[in-house]
Amino acid sequence: EKGGFDHFMLKEIYEQPKAINDTYRGRLLREDAIIKMAGVEDNMKKFLNANRFIIVACGTSWHAGLVAEYIFEDLARIPVEVEYASEFRYRNPIITEKDVVIAISQSGETADTLAAIKLAKSKGAFVFGVCNVVGSSIARETDAGAYTHAGPEIGVASTKAFTTQITVLTLIALRLARAKGTISSSDFRHYLLELEMIPKKVEKALKADAHIKEIAYIYKDVSNFLYLGRGYNFPVALEGALKLKEISYIHAEGYPAAEMKHGPIALIDENMPIVVIATKTGHYDKVVSNIQEIKSRKGKIIGIVTEGDVTVRELADHVIEVPDTLESLTPLLTTIPLQLLSYYIAVMLGKNVDQPRNLAKSVTVE
Ligand code: F6R
């Protein structure tokens, strides 16, 4: 049932090329240069007339929501707010009929997310679900939606659910951008082409497996990790830190790289490993100067870089390469080494990777 892998988590990490392909299959029609998603087409007016999108989710799904915020605003020029479902529902939030609420949930059963969408519906908002589990409570409760089609995710730590959520949300953003005219037809075609190449590029990113295992071995006994990223890769830094803490029980924090100097920099010494996402698209020079700041404080740098990178390679203690792609699609690739790093550290520490202590696959209590 684990298909030859030691754990479901590893199997699911390796399933991502196929899962991402399954997510866009039948929706991304490159030759016709269209994106077809029934849940979006049928409700196009609601999407286009919205004053703003409010994304509600928890945990890893919330991180996918943060990536989506960048992509919706960037491509479709729609204002987006991303909310922890648990905070949103108890905050007396301002919701109107002109809002579109997007709920993201792998299980479709998360109690806080379900309660948040019920609240949004009662205020007249249009509620759209991005779920993995077909027929789940959130899928049934929403007005419309799009499934991720990732297949069953058994490992408690979410992996393929995250990358397929980002894929669905990217498709939606592109479809809306086309409808609004905020993307040119040539850029749109370029996106479709790049998206179609993602599964192959994920496969390539997975090839760093043995190298990542060596890095895991070096740092498995530390008690703290920092993860830094900017722009589209800031949420990936949060996700990398969450993966590590939930399965290895090592304390880890994700931060926007530039926020480091406002506090976390005080933590840096020769014992602190810092994972820095420094792909060549998107604020590369700024991230490089953040890396120099870390280096001058003797922190250990693990750089996630674009293939062929030279600058970070010279500064960092280790680099892990991912293939080049459009900036907005980099999260689909930079996430991969972070998943593997946390996986190998947890395995080396003898932790129960698929069922970490105190955690459940669906959190049906608030
Ligand atoms: C992290 C993880 C959790 C879930 C969160 C939301 O690896 O699994 O943080 O992401 O409990 O779950 P869903 O997406 O099912 O609503």
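Every number in this text was worked out from the coordinates using simple rules, so none of it is lab data. Note that this is a predicted model, so its numbers are computed, not measured. For neighbour counting, all protein chains shown are included, and Cβ atoms are generated from backbone atoms with ideal geometry for every residue, glycine included.
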Quiz item: Taking θ as phi - 60°, what are the ³J(HN,Hα) couplings along the stretch 169-184 by the Karplus curve (6.51, -1.76, 1.60), each to the nearest whole Hz, with x for Gly and Pro?
Solution: 5, 5, 4, 5, 4, 5, 4, 5, 4, 5, 5, 7, x, 8, 10, 6
Exercise. Report the charge-dipole magnitude of the chain in Debye, nearest 20, computed about the Cα centre from +1 at each Lys and Arg Cβ and -1 at each Asp and Glu Cβ.
Key: 440
Self-check item: Eligible aspartates and glutamates near K201 by straight Cα distance, threshold 12 Å, same-chain separation 8 or greater
Solution: E307, E321, D324
Quiz item: In whole percent, what relative contact order does the stretch 64-148 give with Cα contacts below 8 Å and a gap of six or more residues?
Solution: 25
Practice problem: Express in whole angstrom the spacing between the alpha-carbon centres of the stretch 61-132 and the stretch 187-243. | Solution: 25
Quiz item: Between Y191, I212, S248, whose Cα lies farthest towards the positive end of the dipole of the stretch 190-274 when Lys and Arg beta carbons carry +1 and Asp and Glu beta carbons carry -1, centred on the Cα centre?
Solution: Y191
Practice problem: Taking 7 Å along the Cα-to-C-beta vector as the label spot, tell me the S223-E41 distance in nanometres, rounded to one decimal. | Solution: 5.8
Self-check item: Entries of K121/K361; K180/K286; K11/K298; K207/K245; K213/K300 with Cα pairs more than 28 Å apart
Solution: K180/K286; K11/K298
Quiz item: For K261 and S289 in one chain, what is 0.36 nm times their gap in residues minus the Cα-Cα distance, to one decimal in nm?
Solution: 8.9 nm
Exercise. Using only Cα atoms, tell me the angle between helix 234-248 and the longest principal axis of the chain; keep it within 0 to 90° and round to the nearest 10.
Key: 70
Quiz item: Does a label point 7 Å from the Cα of K123, set along Cα-to-beta-carbon, have any residues of the stretch 68-109 with amide nitrogen under 15 Å, and which are they?
Solution: 80-103
Quiz item: Looking at the square roots a ≥ b ≥ c of the eigenvalues of the Cα gyration tensor of the stretch 89-225, which shape do they give, rounded for a/c under 1.5, prolate if a/b is larger than b/c, or oblate?
Solution: oblate
Quiz item: Amide H neighbours of I304 under 5 Å, counting only residues 5+ apart in sequence or on other chains, H built in-plane at 1.01 Å?
Solution: V276, I277, A278, I320
Quiz item: In sequence order, what are the phi-derived ³J(HN,Hα) couplings for the stretch 295-306 according to the Karplus relation 6.51 cos²θ - 1.76 cosθ + 1.60 with θ = phi - 60°, rounded to whole Hz, with x for glycine and proline?
Solution: 4, 5, 9, 6, x, 8, 9, 10, x, 9, 10, 7
Self-check item: Integer Hz, Karplus 6.51/-1.76/1.60 couplings in order for the stretch 84-91, x for Gly and Pro
Solution: 5, 3, 5, 7, 3, 5, 9, 9
Quiz item: Hey, if you put +1 on the Cβ of every Lys and Arg and -1 on every Asp and Glu Cβ in the chain, which of S158, F126, Q355 ends up farthest toward the positive end of that dipole?
Solution: F126
